[in-house]
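First up is the structure itself, then whatever we jot down about it.
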Amino acid sequence: MSERPLAEPAAPLDLLDERLRRGAGLRSALTGILERIRSGDLGALPIIVGLLVIWTVFQALNPVFLSSTNLVNLLMESVSVGVIALGVVCVLLVGQIDLSVGSVSGLSAALTAVTFVEAGWPLPAAMAAAIGAGAAIGWIYAQMVTRLGVPSFVATLAGLLSFLGVQLWLLGDTGAVNLPYDSDLVHFAQLAFVPAWLSYVLVVLAAGWLFATGYTLARKRRAAGLSARSTRLLVVRSAGLLAALGFAVWYLNRARGIGWMFVCFVGLVLALNYALTRTGWGRSVFAVGGNAEAARRAGINVRRIYTGAFVLCSSLAALGGMLAAARLAAANQASGAGDVNLNAIAAAVIGGTSLFGGRGSAFAALLGILVIQSISSGLTLLDLDSSFRFIVTGLVLALAVALDSAARRSRASHGRA
């Protein structure tokens, strides 16, 4: 059976372009966009507006906040927890939760340090062992949830405590293992930056990729008799991305530039976004998150989807833990502890992933961690106590969940749920 062309979720630009092609005035097009917003289809609009507000406030309070040097540091510091949050997005999309991502990341950091430094393993082998351990942990969670019927909240809470104990046991009496500063992992996390010329090449490739994928999908939809974005809109969209990214790269290159670690994080976001929006697995993830029983009756292997989500979550948590240890050049008892666990979950939710399952995107991890790291960086520059960071982050999280709940009720009342 041939696969139907993928249908894109409607967006404000889609509606605007469709109305303009039909000859409607700009006022009518904007009215349609407002109708979609009132119906609860907000997309990434709230988080983008919130991020702009946060940046404006902190820049007004401290002009150093939006300096190129501070923004470079902000992006680099956001990567480790952002990668963990990317995994959290996967389990939230299927309507589950993983409370142990912090402990898994700490265990991964300890396992990498012990095998690489103390056992003398090659770095690739040590990293593979840590990610493999994370994948195994995710598989165990999936079996507990799908075969034994243990709620994911309980299964991962047990993992949080258990793997924290394993981490402490691995580190031994010293409680810390330092990573060599001349190792490739530490260099990658601290000193590896994209050359200026290459950063501009990547910007052009990103804009070209956006146009190529959009044009290909639009052609498939037209061939199937479906509405599609016009070529004019695709060109404008790609040109806008080219201008925005070009300015960002120019500004960051005034300091150290863009770290390779952040580029890899963005690459992971794009890869997961492609998997979620352009593959059968991604459609199944949203179907299971929306209604697991309906998905099962439609022939979707719900158990396999759950397993994939948990394995991805724990694997990305392990990768994030390694990157955090590389940034610090050490793994210790505090690795993965503190607010790492809560910040990763908060980033996914603040970025727009619904706690009710079935709604969200890979970009939620990127946007959410930028909000959290911006709050942390801004309060640090103001020399305020860390207690304010917890308070502000908690308020932002509460606002995000309340907004998601209100939007969900609005979509249901307008028949868009």
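Note on the chain: with a GNM built from Cα contacts shorter than 10 Å, the maximum mean-square fluctuation among Pro122, Pro151, Pro46 falls on Pro122.
The angle separating the long axis of helix 68-93 from the principal Cα axis of greatest extent in the chain is about 80 degrees.
Taking label positions 7 Å along the Cα-Cβ direction at both Ala329 and Leu399, the computed distance is 3.8 nm, reported to one decimal. Averaged per residue, the chain has 48 square angstrom of accessible surface, using a 1.4 angstrom probe with ligands and nucleic acids left out. Taking Cα atoms only, the orientation of helix 280-290 departs from the longest principal axis of the chain by about 90 degrees. Ranking Thr216, Thr174 by solvent-accessible area of protein heavy atoms (1.4 Å probe, all protein chains present), from largest to smallest, gives Thr174, Thr216. Amide H to amide H distances under 5 Å link Phe193 with Trp260, where only residues 5 or more positions off or on other chains count and H is placed in the peptide plane. Spin-label pair Asp383-Val204: with each label point 7 Å from Cα along the Cα-Cβ axis, the two points sit 4.7 nm from one another.
From the list [x] 22.0; [y] 23.2; [z] 22.7, can you say which value of Kirkwood radius over Cα pairs in Å was derived from the structure given? Looking at Kirkwood radius over Cα pairs in Å for this model, the match is [z].
Our summary gives the chain a relative contact order of 33 percent, counting only alpha carbon pairs under 8 angstrom and 6 or more residues apart. Over all projection directions, the Cα-based convex hull of region 59-103 averages an area of 4.6 nm².
Angle, helix 260-278 long axis vs. longest principal axis of the chain, Cα atoms, 0 to 90°, nearest 10? That helix lies at roughly 50 degrees to the long axis. For region 208-224, backbone phi angles converted through the Karplus equation (6.51, -1.76, 1.60; θ = phi - 60°) give residue-by-residue couplings of x, 5, 4, 5, 5, 5, x, 5, 5, 5, 5, 5, 5, 5, 5, 5, 8 Hz, Gly and Pro being listed as x.
Over the chain, with every protein chain in place, what whole percent of the accessible area is carbon and sulfur at 1.4 Å, could you tell me?
Values: 13340 of 20040 Å².
Its accessible area is 67 percent carbon and sulfur atoms.
Helix content alone sets the calculated 222 nm mean residue ellipticity of the chain: runs of n ≥ 4 DSSP H residues at -39500 (n - 2.57) each, divided across all residues, give -24500 deg cm²/dmol.
Semi-axes of the equivalent ellipsoid of region 194-275: what are they in whole Å, largest first, if each equals the square root of 5 times a C-alpha gyration tensor eigenvalue? Show your work: numbers first, answer last.
Values: eigenvalues 170, 44, 13 Å².
Whole-Å semi-axes of the equivalent ellipsoid: 29, 15, 8.
Where does each of Leu107, Leu242 land when they are ordered by accessible area, with a 1.4 Å probe and the largest first?
Working: Leu107 20, Leu242 75 Å².
Final ranking, largest accessible area leading: Leu242, Leu107.
Annotation: extensible slack from Ile140 through Arg296 equals 54.0 nm (criterion: 0.36 nm per residue apart, minus Cα-Cα distance).
The values are calculated or read from the model by the stated rules, or taken from the named source; none is laboratory data. On a predicted model such as this, the values are computed, not experimentally measured, just so you know. Cβ: placed from backbone, ideal geometry, glycine included. Neighbour counts: every protein chain shown. Side chains are part of the model used for accessible areas, which takes the heavy atoms of the whole protein and leaves out ligands, DNA and RNA. Shrake-Rupley method; radii C 1.70, N 1.55, O 1.52, S 1.80 Å.
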